[in-house]
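The values are calculated or read from the model by the stated rules, or taken from the named source; none is laboratory data. These figures come from a predicted structure and were not determined experimentally. In this analysis, Cβ positions are derived from the backbone assuming ideal geometry, glycine residues included, and neighbour counts consider all displayed protein chains.
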Amino acid sequence: MIDAKKYITTIIILLGIIMVGVSIINVFLLNLTHLFEVSVNIIVVLIVTAIIFSTIITYKVIIGTDINSKIMNINFKIVNFIFPMMIKIASLVGISKDEIRKVYVKLNNKYIHSQKYNLKNEDILILIPHCVQKSSCKLKVTTDIKNCKQCGLCNIGDLVRLKENKNVNIFVATGGTLARKMILENKPKAVIAVACERDLTTGVQDVSKIPVLGVFNKRPNGPCVDTCIDVEEVENAISFFTV
Ligand code: SF4
């Protein structure tokens, strides 16, 4: 569940910081040329307008309103620009960074869903975090997911069946470096990445040339241990890319 209030609170603080910054800058600009002062203020007004526009679009996306894909693309570029500042502000004022990341991944997914792909199953690469494997299981599923004996103790077995039924490439990655290597080696036309908010955000930012649909993993035992996957969500993502 995405908390729009926390995202908007962070935006309001960001706008407040910009306003205070502009006021201070204006005091220093009094001694400079009028043209320079006007130019700086026009740039600031444009930035503030872009942030307000982006926040309205983002809010509409969060509440499920259909938005034109070009507008979503522009909005995503603005969000990419302000995202590092949003993360810093969120952590300074005690808002969970994951709340901001959830919004980021939602915007990314919504934009991808506004496009058409019509891919073959084998063009899709599915990346799964290692923490999905039962922590007590010693089988080397990171080398090859088919090493799983499908005992039913974790979702890896479900993914082996999914791989066999749908002929998609599925890899269990131990981290971002390995995930990037898998993408470079397999050259997929689309990626379905299952991970936590932090890893999905960095994954989407790292892989800008191909669409990456993010699926959040579930963490009933806390972060990074014995996590779960909603396999139906992954199947829906495959169907979306292949229809
Ligand atoms: S389903 Fe596969 S990976 Fe998971 S615990 Fe069983 S054998 Fe190990």
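Some notes on this structure:
- Of the criteria (1) surrounded by 15 or more Cβ atoms within 10 Å (Cβ to Cβ); (2) closer than 25 Å to Met1 by Cβ, which one Val44 fails: (2)
- Of all the criteria given as (1) modelled with pLDDT of 95 or more; (2) away from the ligand (no atom under 16 Å from the Cβ), the one not satisfied by Ile126 is (2).
- Meets criteria (out of contact with any strand residue (DSSP E or B) (no Cβ under 8 Å at 6 or more places or on another chain) and under 30 Å from Ala190 (Cα atoms)) for Ile17: no
- The sole residue among Thr201, Thr227, Thr177 that is more than 11 Å from Leu125 (Cβ to Cβ) and surrounded by fewer than 20 Cβ atoms within 10 Å (Cβ to Cβ) is Thr177.
- Cβ-Cβ contacts under 6 Å between residues 6 or more apart (or on different chains), taken from a first residue in the stretch 136-164 that is under 20 Å from Ala179 (Cβ atoms) to a second residue that is within 6 Å of the ligand (Cβ to nearest atom) and part of a helix (DSSP H, G or I), are listed as Val141/Ile156; Cys148/Ile156; Cys148/Gly157.
- Take the conditions (1) closer than 17 Å to Val194 by Cβ; (2) away from the ligand (no atom under 15 Å from the Cβ); Gln115 misses just one of them, which is (1).
- Checking Tyr117 against (1) closer than 18 Å to Val234 by Cα; (2) modelled with pLDDT under 95; (3) out of contact with any strand residue (DSSP E or B) (no Cβ under 8 Å at 6 or more places or on another chain), the condition it does not meet: (3)
- Within the stretch 129-142, being touching a strand residue (DSSP E or B) at 6+ places or on another chain (Cβ under 8 Å), part of a loop (DSSP other than H, G, I, E, B) and more than 7 Å from the ligand (Cβ to nearest atom) holds for one residue alone: Thr142.
- Within the stretch 143-162, the set of residues being more than 8 Å from the ligand (Cβ to nearest atom), within 21 Å of Glu235 (Cα to Cα) and outside any helix (DSSP H, G or I) comprises Asp144 only.
- All positions within the stretch 36-90 that are within 24 Å of Val22 (Cβ to Cβ) and basic (Lys, Arg): Lys77, Lys88
- Search result, residues across the stretch 165-188 that are without any contact (Cβ under 8 Å) to a residue 40 or more places away in the chain and more than 26 Å from Ser208 (Cβ to Cβ): Asn165
- Hits in the stretch 2-28 - residues which are among the β-branched types (Val, Ile, Thr), free of Cβ contacts under 8 Å to residues at least 24 places away in the same chain and over 14 Å from Ile100 (Cα atoms): Val20, Val22, Ile24, Ile25, Val27
- Annotation note: of Val191, Val215, the sole residue that is crowded, with 20+ Cβ neighbours inside 10 Å and either without any contact (Cβ under 8 Å) to a residue 24 or more places away in the chain or not assigned by TED's automatic domain parsing to the domain that holds Cys131 (or both) is Val215.
- Any chance Lys106 is more than 28 Å from Ile74 (Cβ to Cβ), among the charged types (D, E, K, R), surrounded by 15 or more Cβ atoms within 10 Å (Cβ to Cβ) and more than 10 Å from the ligand (Cβ to nearest atom): no
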